[in-house]
Amino acid sequence: FPGTQGGPLEHIIASKAVAFGELLTDEYTDYAKQVQRNAHAMAKAFVNRGYNLISNGTDNHLMLIDLRNKNLTGKKAQETLDKAHITLNKNAVPFDDKSPFVTSCIRVGVPAITTRGTTESDMETIVAMIDKVLMNVDDEKVIASVKLDVKVFMDQFPLYPELG
């Protein structure tokens, strides 16, 4: 097994078999298509609000957003959005003038929210919440208000609907 240390581990083989089996289902195909539709809708909502997307959009499940025109760093955006319970990552952009520990960009993806049941029509609401926080990074009241909005909005998309 070149490239693997320790030999063939049965639990890894089993997990790959399960994953490959799921990939063959119509449900997975539908999910993957919804991920892409959500990403396109989210990218459009960001562009409509004046955000600069690297590559001017997305062809997959995520997008990179250059925040230099908003006078924000990726680090500040990530830390502030975390306070509002919105999870994303800081990320470097091509020819970034900031250090890798600060960055000028954020990376936003849609698989987690798609798995919870969101659709294209929900992306504007999500982007509006992100934008509200990013345009008010020093206003703790706004951040707390958005945190509550996030909870109320995502309560309609439970993580484990079969348990509720």
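The values are calculated or read from the model by the stated rules, or taken from the named source; none is laboratory data. The structure displayed is predicted, hence computed values, not measured ones. In this analysis, Cβ positions are derived from the backbone assuming ideal geometry, glycine residues included, and neighbour counts consider all displayed protein chains. The accessibility values were calculated without ligands, DNA or RNA, using every heavy atom of the protein model including side chains. Shrake-Rupley method; radii C 1.70, N 1.55, O 1.52, S 1.80 Å.
Brief remarks on what is shown
- Sulfur and carbon atoms: percent of accessible area, the chain [1.4 Å]: 57
- Measuring nothing but how far apart in sequence close Cα pairs (under 8 Å, 6+ apart) lie, relative to its length, segment 58-164 scores a relative contact order of 28 percent.
- Taking a Cβ cut-off of under 14 Å around ASP138, the surrounding Lys, Arg, Asp and Glu residues balance to a net charge of +2, with basic ones at +1 and acidic ones at -1.
- Maximal additional length on extending the ASP138-ILE12 stretch stands at 40.8 nm, based on 0.36 nm per residue less the C-alpha distance.
- Between VAL152 and GLU79, the C-beta separation translates, for a Förster distance of 22 Å, into a calculated FRET efficiency of about 0.45.
- Each other residue within a Cβ distance under 14 Å of THR103 adds +1 if Lys or Arg and -1 if Asp or Glu, for a net charge of +3.
- Range in the chain, longest, excluding exposed chymotrypsin sites (Phe, Trp or Tyr not before Pro) [loop by DSSP; at most 11 other beta-carbon atoms within 10 Å]: 1-94
- With only Cα atoms counted, the chain has Rg and Dmax values of 18.3, 55 Å.
- Per-residue SASA entry for ILE86, accessible area with 1.4 Å probe, Å² rounded to 10: 20
- Inter-probe distance in nm under a simple model that places probes 7 Å from Cα toward Cβ, at PHE95 and TYR160: 4.9
- The candidates GLU27, GLU120, GLU140, arranged from most to least accessible area with a 1.4 Å probe in the full protein assembly, appear as GLU27, GLU140, GLU120.
- Accessible surface area normalised per residue over segment 89-164 is 59 Å², counting heavy atoms of protein chains with a 1.4 Å rolling probe.
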